[in-house]
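Only the coordinates and a few stated rules stand behind these numbers; no lab work does. Since the structure is predicted, the reported quantities are computational estimates derived from the model, not experimental observations. Cβ atoms come from the backbone with ideal geometry, glycine included; neighbour counts cover every protein chain shown.
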Amino acid sequence: MRVMFLTQWFEPEPIMKGAAFARALADAGHHVEVVTGFPNYPTGRIYPGYRVGLFQKEIIDGIAVNRLPLYPSHNKSSLGRAMNYLSFFLSVLIYGLWAARRFDVVYVYHPPITVGAAAALFGLINRRPFVVDIQDLWPDSVAASGMFGTGAISNVLDGICNFVYRRAAAIVTQSHGFEAKLIERGVPPAKLTTIYNWADEALTRPSGHCDAAVLVPRGRFNVVYGGNIGRAQALDAVVRAAKLAMDRSPGIQLTLIGNGVERDNLRRLVTEIGAHNVKIAPGVPKSEIADILAAADVLLVHLADDPLFEITIPSKIQFYLAMGKPILIGMKGEAAKLVSSAGAGVTVPPEDIEAIARAMIELSQQPAENLRAMGEKGKSFYERRLSVSAAIEATIRVIDSVALQRK
């Protein structure tokens, strides 16, 4: 079967379902081609070695990757984001009208929903079914991002989402909470399948080639966050909590590793409040992240206190579980229950500075064997419940079902 994997973001950009996902589908016997943009996420700047053009084809891990033009942007401006999404929407629509007949099924990675809208439109003409994989629930997550002007466009986005959901042959969600929310919005349950995300397991094994002590100093109790530094993460609360924890227990160190629109603001906050135990470092290559996380004592997950995030499971949770490290999670809902049921760490209310500081101190006072046991429980839970093989099998069943319906 020929599958078009349609996603605005792809390697070398950070993406949950990227080259490893495409490779797994190909290994299952499908012919897979990726259709994506020129890499610019999360900084909004084109990656070194690339230049926006009308078309570029390359091979990544044996998979053909077709790159289409877009307007690179990822800042706080709703206009810049809109131009980024709409430019790629137009590129995909034109490409799909020409090329979609070569494929049996289109697999759409969302966000943004505009990619799904393009697939819905060219699918009407080419009669090609598509599956939409929902990693972010729009327009809820757009509003939660705090991007300027989002309130004015929520109704428009809601209409686009409903159009895509009606046209989709099947919908994959990353949590049961997403699935329940879509049913509330009128999506037929028969269209929906929940498939938990997984970790890129090859990247969870330290390589030994990175000097982690540069970012994770020895002799401290290291709490480490790795990922996007945006408004949705609300990491200002974590920085303030780390300062409070340092005042009560001087050995605690917080390291935030990543890029995003809030990084400069957090740096100013660190200076303003005198949080000398907080280090903010730019993102590192994927090949180095496992070395850094393995050197941490505790790994941090945090999102803003928003109802949307009660039904969201950040992909870093699966990665942290697979790493076998204790987790401090500042979230409510399904993600927090996942960590608690695994016995893999400590949960606190999001944006609760006092609770986060208290949890950092309590974890720092735990015997090493207790922390090690938390990590081992988390890894065992991941292997039982969240493995790559189980998720890929479920995904292939969805794709095969859609192809069978078309025939």
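Some points to look at:
- For the chain, the longest principal axis of the C-alpha atoms and the axis of helix 368-385 are separated by about 10°.
- Proximal lysines to Lys286, defined as alpha-carbon separation beneath 26 angstrom and excluding residues fewer than eight positions away on the same chain: Lys17, Lys57, Lys76, Lys316, Lys325, Lys377, Lys379
- Overall form of region 202-385 per C-alpha gyration tensor (a/c, 1.5; a/b vs b/c): rounded
- Mean-position separation - Cα centroids, region 212-262 and region 280-308, in angstrom: 9
- Between the helical axis of 388-406 and the longest alpha-carbon principal axis of the chain there is an angle of about 20 degrees.
- Seen through its C-alpha gyration tensor, with square-root eigenvalues sorted a ≥ b ≥ c, region 19-73 comes out prolate because a/c lies at 1.5 or above while a/b is bigger than b/c.
- Calculated mean residue ellipticity, 222 nm, the chain: -14000 deg cm²/dmol, from DSSP H runs (n ≥ 4) at -39500 (n - 2.57) each, averaged per residue and rounded to 500.
- Dipole of the chain, positive end: most advanced residue of Asn277, Cys210, Gly80 [Cβ charges, Cα centre]: Gly80
- DSSP beta bridge pairing in region 202-385, given as percent antiparallel to the nearest 5: 0
- Chain lengthening between Ser340 and Glu184 when straightened (0.36 nm per residue, less Cα-Cα): 53.5 nm
- Relative contact order for region 202-385, counting Cα pairs under 8 Å that sit 6 or more residues apart, in percent: 25
- Considering only alpha-carbon pairs that sit under 8 angstrom and 6 or more positions apart, the relative contact order computed for the chain is 13 percent.
- When you filter the trypsin sites (Lys or Arg not before Pro) in region 179-282 for DSSP loop state and at most 15 other Cβ atoms inside 10 Å of their Cβ, you are left with Arg185, Arg218.
- Beta bridges from DSSP with both residues in the chain: antiparallel share about 10 percent, rounded to the nearest 5.
- Rounded to the nearest 20, the Cβ-based charge dipole of region 102-238 about its Cα centre (Lys and Arg +1, Asp and Glu -1) stands at 280 debye.
- Region 353-392-region 1-53 distance, computed between alpha-carbon centres (Å): 31
- Mean sequence separation of contacting Cα pairs (under 8 Å, at least six apart), scaled by the length of region 289-396, corresponds to a relative contact order of 27 percent.
- Of Ile289, Trp98, Ala237, farthest towards positive along the dipole that unit charges on Lys, Arg, Asp, Glu beta carbons give the chain: Trp98
- In a simple Cβ point-charge model (Lys, Arg +1; Asp, Glu -1; nothing else charged), the chain has a dipole of about 860 debye relative to its Cα centre.
- On Cα atoms only, tilt of 150-167 relative to the major axis of the chain in degrees: 50
- Amide H contacts under 5 Å for Leu68: Thr36, Gly37, Phe38, restricted to partners 5 or more places along the chain or on a different chain, H placed in the peptide plane at 1.01 Å from N.
- Residues His209, His31, His74 arranged by fewest to most Cβ contacts within 10 Å: His209, His31, His74
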